[in-house]
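What follows is a single structure, written as structure tokens, with notes after it.
The values are calculated or read from the model by the stated rules, or taken from the named source; none is laboratory data. Source: prediction; values computed, not measured. Glycine gets a Cβ as well: all are built from the backbone with ideal geometry, and neighbour counts include every protein chain shown.
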Amino acid sequence: MRANLEATKGQVMAEAVMIALAGKGLGRQEAHKLVRDAAMEARKKDVQLKEILAGNPAVKKLLAAKELDNAMDPDRYVGRSAQIVDAIVSKGPS
């Protein structure tokens with residue numbers, strides 16, 4: 001699974017970065033465009049998305065390096081999956 005995540009070169013975390021940027025006050029549409037443009041540049045250059053984002057002045061203005069690291073960390077991006085699994089498991093077999 002980790003290999004599959006790495007194969008995307010961070011592209012799979014684009015939504016998490018967009019949400020982080022919007023949470024810092026960047027408009028949702030602006031955040032979407034910024035991340036989309038960065039993702040296209042990363043694909044074109046065949047580099048990690050994080051590399052492009054880390055060099056973007058708008059990203060650097062809004063997110064500290066640690067915040068970008070956190071947004072790009074798939075281990076932190078599980079949403080409510082743990083609660084959903086626990087709820088299903090607690091119901092037992094059907």
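A few remarks follow.
- Failed criterion for Y77 (all others in (1) surrounded by fewer than 13 Cβ atoms within 10 Å (Cβ to Cβ); (2) at pLDDT below 85; (3) not acidic (D, E) hold): (1)
- Candidate set from the stretch 55-78 (those that are within 14 Å of the chain's Cα centre (by Cα) and part of a loop (DSSP other than H, G, I, E, B)); member that is farthest from M13 (Cα to Cα): L63
- Only one of the numbered conditions (1) of a type in the set (V, I, T); (2) more than 14 Å from the chain's Cα centre (by Cα); (3) assigned to a helix (DSSP H, G or I) is not met by I52, and that is (2).
- V47 part of a loop (DSSP other than H, G, I, E, B) and either out of contact with any His (no Cβ under 6 Å at 6 or more places or on another chain) or surrounded by 12 or more Cβ atoms within 10 Å (Cβ to Cβ) (or both): yes
- Cross-chain or 6+ apart pairs with Cβ under 8 Å, the stretch 27-54 first and within 14 Å of T8 (Cα to Cα) and without any contact (Cβ under 8 Å) to a residue 60 or more places away in the chain, then of a type in the set (G, A, S) and not in a helix (DSSP H, G or I): A42/G10; Q48/G10; L49/G10; K50/G10
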